[in-house]
4 protein chains.
Amino acid sequence: MLEQREATGAEEFYAGLEGHGLQGLWRVQTVSPEPQTAAQPHVWRGAMLRDQLMRACDVMTMERGAERRVLLLVNPGLRAITAATHTLTAAVQMIKPGEIAPTHRHTPTAIRFIIEGRGAYTTVEGEKLIMDEGDLILTPSWTWHDHGNETDRPIMWMDGLDRPLVSMLNASFFEPYADERQAVTLPIDCSQRRYAGGHVRPTWERGAPTFSPQHAYRFADVYATLSHLADLGEASPYDEVAVEYVNPLTGGHALPTLGCELQLLRPGRRTRAHRHTSSAVYQVFRGRGYSVIDGRRYDWEQGDLFALPTWAWHEHANASTSDEAILFSINDVPPMEALALHREQAYTANDGYQSYK
Amino acid sequence: MLEQREATGAEEFYAGLEGHGLQGLWRVQTVSPEPQTAAQPHVWRGAMLRDQLMRACDVMTMERGAERRVLLLVNPGLRAITAATHTLTAAVQMIKPGEIAPTHRHTPTAIRFIIEGRGAYTTVEGEKLIMDEGDLILTPSWTWHDHGNETDRPIMWMDGLDRPLVSMLNASFFEPYADERQAVTLPIDCSQRRYAGGHVRPTWERGAPTFSPQHAYRFADVYATLSHLADLGEASPYDEVAVEYVNPLTGGHALPTLGCELQLLRPGRRTRAHRHTSSAVYQVFRGRGYSVIDGRRYDWEQGDLFALPTWAWHEHANASTSDEAILFSINDVPPMEALALHREQAYTANDGYQSYK
Amino acid sequence: MLEQREATGAEEFYAGLEGHGLQGLWRVQTVSPEPQTAAQPHVWRGAMLRDQLMRACDVMTMERGAERRVLLLVNPGLRAITAATHTLTAAVQMIKPGEIAPTHRHTPTAIRFIIEGRGAYTTVEGEKLIMDEGDLILTPSWTWHDHGNETDRPIMWMDGLDRPLVSMLNASFFEPYADERQAVTLPIDCSQRRYAGGHVRPTWERGAPTFSPQHAYRFADVYATLSHLADLGEASPYDEVAVEYVNPLTGGHALPTLGCELQLLRPGRRTRAHRHTSSAVYQVFRGRGYSVIDGRRYDWEQGDLFALPTWAWHEHANASTSDEAILFSINDVPPMEALALHREQAYTANDGYQSYK
Amino acid sequence: MLEQREATGAEEFYAGLEGHGLQGLWRVQTVSPEPQTAAQPHVWRGAMLRDQLMRACDVMTMERGAERRVLLLVNPGLRAITAATHTLTAAVQMIKPGEIAPTHRHTPTAIRFIIEGRGAYTTVEGEKLIMDEGDLILTPSWTWHDHGNETDRPIMWMDGLDRPLVSMLNASFFEPYADERQAVTLPIDCSQRRYAGGHVRPTWERGAPTFSPQHAYRFADVYATLSHLADLGEASPYDEVAVEYVNPLTGGHALPTLGCELQLLRPGRRTRAHRHTSSAVYQVFRGRGYSVIDGRRYDWEQGDLFALPTWAWHEHANASTSDEAILFSINDVPPMEALALHREQAYTANDGYQSYK
């Protein structure tokens, strides 16, 4: 036992350490044998989210008020940091016709994935981007951005941010813009039209920017690739038919701190289980199914969001034998890879499928 | 004078050197003050090329015959190597309905740019690519490829190769395929559909291949980007609205030894002159105009090809004030950059425009 | 005021959010205008550290006991995580003659910087590295390592780890070795001899490893470079004559999550102030001087360690006009750069020097 | 037969092609099945080289004369380009006490490997580098350089250049300096002292330069690494104990167009044969032995140089059972790799050893 090993005077010695700004390493557990996380698997229902956002529309009217009508998804294990996983913020946002979410910028990087509605806009650094269901819109770190809705129907989207990561790294900067709206200095959807057209680049444009210069990725384009891969029968055993959004000027991650993926679960398919040192938040864009996370089944359907903690065994299943299920997700793969901390492990028992309850 | 500097016995000494496998550096001029090239500016007329190809169809019937009905563009200064510039081969090829150009592979990399006709195919490593006017088709180094025409009309395209470069580097390998046609093992236009859809990549696909894995670039896609840039008013003073075809997985050159560009000269525009240590061959895809090369004017119109030697001052002009001119070109920029030998110089006199005759 | 903006039912609405796993973004402050850190500037005195370690030698005898006789430097603002800054662990360790710190491995990366003594060893993946004053020894992530002292005098070093970073990213793995000591399978100082000899690499060795394959950097070598730079008069206005330890196979950071630097303050020199989104812990290897951190002066002398929090204005001064001061430091520059979160700002008032008390 | 395949009028058609600047691809052989080179294996004897250089000292006195007393090694197959292989120039140079080889610069990159003598200098961009036996001195593309001998004995070295490569790429630029000597603006051996000291880099120095910023590599340092590898028993089956000189800021090739290697053949060792699409020129720095190239044996001893053409089978043997043999060599591996044209093949018959005569 520990006490037997310690000499006379140990107690006094230990008592004195704190005053010196010290602690015996052998008195604290510092490195766990495997990753531990306070985050829990959790599902937020789409109907509930829509309902609460509608109520927020009444309550939070935006006149001279809060900057964004955003409901943060708070993981039950992470209430102290109001985060979805230890590194990721996920939220839903609604903007009613005529409303404006004023211009600001911050070092946390954000993405928007449009859940419902079309025709509203995000402006990023002078480029107005029209938003439609299934589109992905990027606001890289420290870019001026604002949102508005000039249509006659509300729009609702998912916000994804690396805010907990940036916050734990003590690297948060925030700045409001002088005006509500920034000037639109570029043609609409300018960056998408610049880069989406067939893998060419202007001859005068050099270099490999860290953040993707393309700010909108259209659902139709990405879905076309997913369908093509599904036709080819190409799929990952763990992620089914899945693609990552990339930076057109590097072929690498679109954003250095936040990964974005779209995955198609073919009818009737269930993936094998694995786990990794990255966490994720999923939005069920189409279909219904379930995920088995650390031996427990979580059902989901269109509109739901769910959190996957780090190092949790997980597998996904499409519950329909006729319809596709499509999941959008954000993750912290890019930072974990950049820091050489990404690990992955396949579940080998039971042919790769977890038992669940 | 040289003789005065030399001591008695010099002549005998020099005479003996060759027998020892030596030569006095001071007796030969080895490094020129500026690049020298045997290549000359030269235009090959489209009408002539088409006519000669039609004649070649009669003469060179392909039954058990030559592998390709290809007319090499021979630069008047480079007859010894039957090349268009010191590093580039350019040629025109025609395939009649029902014909096949049998399968082979070689270390020189090739591209095809379709001048006229549609519906014929190139197969690259099991992927059949349908060819249409203005499309670019890649056959990277050492990939099996064959061509065929299953339509009822001839097809004509430009071939571009780095053959002179590979040949001067003593790195030519060639291999015929066992059969005329290779098996088509992948869906038609597979790589284009995999990569062209909106800048995503399968999550299981890693790495940055040296050669573009996308084998076809469609004219409509590239032209859309050119038009967008033209709308933005973005252009190079030397190249007008120009884009380079890139590798979707790196954002860099599509091919390590051969650059491919498409450039749009807006109506009435004339570029400023510059020169560089890269050479090029242009195909006039649409429109008419002229280029001033080292002080001499070369007119061109749709269908023509012309060679631009290394380090020659050059500028391009669209002769129409109403119609666009579109030039496709191949160049040796990628190897010159890779070897840190690329240089560029702007023509500064006369506001950047050469006088010409 | 906020209340005025909120409609009837707001209170009830807010009360219900938590039960749904939600929170209104406008109810929490999430992104600070500038970085905030709980860490404080703090100095640990060398005499005190040595004294406490000597006492620990009596108290913590290691027989079947704790794995390492390590005193963690606990920042007064970071007691909850027993860390020196929010991302860095710093500690002092002592091993008495005959003692062994048994073999284990963990995903946190560690470095040792030898403060006092010579001749003890660290073994890393079968390579025994002899430790001498001023040397830097690396134990990259997940490498087996153990320490021992076969001399007749105690050895004392500084430990630096990215443990808080790895821990906040939920990526800690730890594994003990089957035996106390791992087998020494390679010649002593093998990696240093392989890479330190004049910038060559074996022709059969390819690639760019993420972690430096050189495990020991000798003080004499690094000091020679510092002296040379000092002779040249080359120095940074903020860091004086400072070098970073690099990976010989990439020229980049030696470790992806932990930066290591050695800096020489020439006699009488005082740097200008700046701040950055990286934190650091310094060990005063030679000399005496002071640092001004956020307007307060902290004196230091040989043997002291001190912590520099993120985004704190700081400048360093050598208090001697005749002797050099040498500071070793660890920092989180590599991860901050990898995540595109590194920022730096020069102090412009008062010619770059802070007033202090 | 070909004639049978050709229709009436073929002859006339072919006759007309040349006038149109065309040639039928099927009428010329363009791509060989395997690399063909005009270069031949060839040995230049050290005694002969020294003798001819001494004679050149009498004949070529340098007063207002030729810029360099350099004897080019002319491959018997490459007299037209006075080159050692198709891409490499090799030569020997001698400078007598008091002589100066005046300052100039050119786009071809050069290296010097010191064969005999010590104390003379090369100045590169203001940095004076003292030359000693076995040292490697770099003069990267377009750097001002001059040589001089302030000692009382002649110095003799090997020059290696990529001149044939640069020349075939039409990229030669040359410029004389205004004065004979450039100003020495940096401390002697400055770059070596900056980078050779233990793998650190100044914190203010960023980026990955294409050309090594270290201009001298000392024999003693490189030999120490070779000896260490020999002690470890690490060696390539084809190159024995061989290292490449690298760029300290990238870990890659020291020069983008010219590879430099030093290899140690342990007593009694004979390598297995292989061939590759790179060529090389060797200088026998120490020892004696032989190489078998395409089935023929070439003996060599200290002071000899020999050329290895592309794609020639080759193996090297140390003829002594007691003494090491050391070969320095230059090659075109870096450009061939950069252009994705490097290939290597092992000789598999006869346990890897060629029969020879």
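The values are calculated or read from the model by the stated rules, or taken from the named source; none is laboratory data. In this text, all values refer to a predicted model and were calculated from it rather than measured experimentally. Neighbour counts are summed over all protein chains in view; Cβ atoms, including those assigned to glycine, are modelled from backbone coordinates with ideal geometry.
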Could you look through the stretch B:187-235, keep only residues that are in contact with a strand residue (DSSP E or B) (Cβ under 7 Å, 6 or more places away or on another chain) and charged (D, E, K, R), and pick out the one that is nearest to A:Cys260 (Cα to Cα)? B:Arg201
Just the residues that are surrounded by fewer than 17 Cβ atoms within 10 Å (Cβ to Cβ) and aliphatic (A, V, I, L, M), please, taken from the stretch A:148-185. A:Ala178, A:Ala183, A:Val184
Can you find, within the stretch B:93-109, the residue that is farthest from the chain's Cα centre (by Cα) among those that are closer than 21 Å to B:Leu138 by Cβ and assigned to a loop (DSSP other than H, G, I, E, B)? B:Thr107
Which residue pairs have Cβ atoms closer than 8 Å, lie 6 or more positions apart in sequence or on different chains, and pair a first residue in the stretch C:206-234 that is at the interface with chain D (Cβ under 7 Å from one of its Cβ atoms) and touching a residue at least 60 places away in the same chain (Cβ under 8 Å) with a second residue that is part of a loop (DSSP other than H, G, I, E, B) and among the charged types (D, E, K, R)? C:Tyr217/C:Asp135; C:Arg218/C:Asp132; C:Arg218/C:Asp135
So in the stretch A:136-172, with the set limited to residues that are away from chain C (no Cβ under 14 Å) and not in a strand (DSSP E or B), which one is farthest from the chain's Cα centre (by Cα)? A:Asp152
Sole miss for A:Glu175 among (1) within 20 Å of A:His276 (Cβ to Cβ); (2) assigned to a strand (DSSP E or B); (3) in contact (Cβ under 8 Å) with a residue 24 or more places away in the chain is condition (1)
Counting only residues that are more than 14 Å from chain D (Cβ to nearest Cβ), among the polar types (S, T, N, Q) and in a loop (DSSP other than H, G, I, E, B), how many does the stretch B:301-357 have? 7
Failed item in (1) at the interface with chain B (Cβ under 7 Å from one of its Cβ atoms); (2) buried (at least 17 other Cβ atoms within 10 Å of the Cβ), with D:Asp58 passing the rest: (2)
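Restricting attention to the stretch B:236-262, report how many residues are within 12 Å of chain A (Cβ to nearest Cβ) and within 14 Å of the chain's Cα centre (by Cα).
Of the residues in the stretch B:236-262, the ones within 12 Å of chain A (Cβ to nearest Cβ) are B:236-254, B:259-262.
This time we only want the ones that are within 14 Å of the chain's Cα centre (by Cα), so: B:244-245, B:253-254, B:259-262.
The qualifying residues number 8.
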Residues being within 18 Å of A:Phe113 (Cα to Cα) and among the charged types (D, E, K, R) - total across the stretch A:181-233: 3
Could you list, ordered by first residue, the pairs with Cβ atoms under 6 Å in which the first is in the stretch C:114-125 and within 21 Å of C:Gln182 (Cα to Cα) and the second is basic (Lys, Arg) and at pLDDT 95 or above, at least 6 apart or interchain? C:Tyr121/C:Lys128
Given the criterion out of contact with any Gly (no Cβ under 7 Å at 6 or more places or on another chain) and modelled with pLDDT of 95 or more, identify the matching residue among A:Glu175, A:Glu205. A:Glu175
Regarding A:Gln29, is this residue within 7 Å of chain C (Cβ to nearest Cβ), assigned to a loop (DSSP other than H, G, I, E, B) and surrounded by fewer than 23 Cβ atoms within 10 Å (Cβ to Cβ)? no
Name, by its number, the condition in (1) away from chain B (no Cβ under 14 Å); (2) among the charged types (D, E, K, R); (3) closer than 25 Å to B:Val241 by Cβ that does not hold for A:Arg194. (1)
Say whether the condition of being within 20 Å of B:Arg296 (Cβ to Cβ), at pLDDT 95 or above and surrounded by fewer than 15 Cβ atoms within 10 Å (Cβ to Cβ) is met by at least one residue in the stretch B:321-341. no
How many residues are surrounded by 23 or more Cβ atoms within 10 Å (Cβ to Cβ) and either acidic (Asp, Glu) or within 8 Å of another protein chain (Cβ to nearest Cβ) (or both) if we restrict to the stretch A:71-84? 5
Considering only the stretch D:54-92, how many residues are modelled with pLDDT of 95 or more and in a loop (DSSP other than H, G, I, E, B)? 12
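Could you please give the count of residues in the stretch D:182-211 that are touching a Pro at 6+ places or on another chain (Cβ under 7 Å) and assigned to a loop (DSSP other than H, G, I, E, B)? Don't jump to the end; show me each part of the working.
Residues of the stretch D:182-211 touching a Pro at 6+ places or on another chain (Cβ under 7 Å): D:191, D:195, D:199, D:210-211.
From what is left, the residues that are assigned to a loop (DSSP other than H, G, I, E, B) are D:199, D:210-211.
Residues flagged as touching a Pro at 6+ places or on another chain (Cβ under 7 Å) and assigned to a loop (DSSP other than H, G, I, E, B) within the stretch D:182-211 amount to 3.
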For the stretch D:85-100, indicate whether the set of residues that are among the basic types (Lys, Arg) and either surrounded by 20 or more Cβ atoms within 10 Å (Cβ to Cβ) or within 8 Å of chain B (Cβ to nearest Cβ) (or both) is non-empty. no
Confirm whether D:Arg181 is touching a residue at least 24 places away in the same chain (Cβ under 8 Å), more than 7 Å from chain C (Cβ to nearest Cβ), farther than 30 Å from D:Thr271 by Cβ and basic (Lys, Arg). yes
Any idea which of (1) part of a strand (DSSP E or B); (2) under 21 Å from B:Leu49 (Cα atoms) is the one B:Val292 doesn't satisfy? (2)
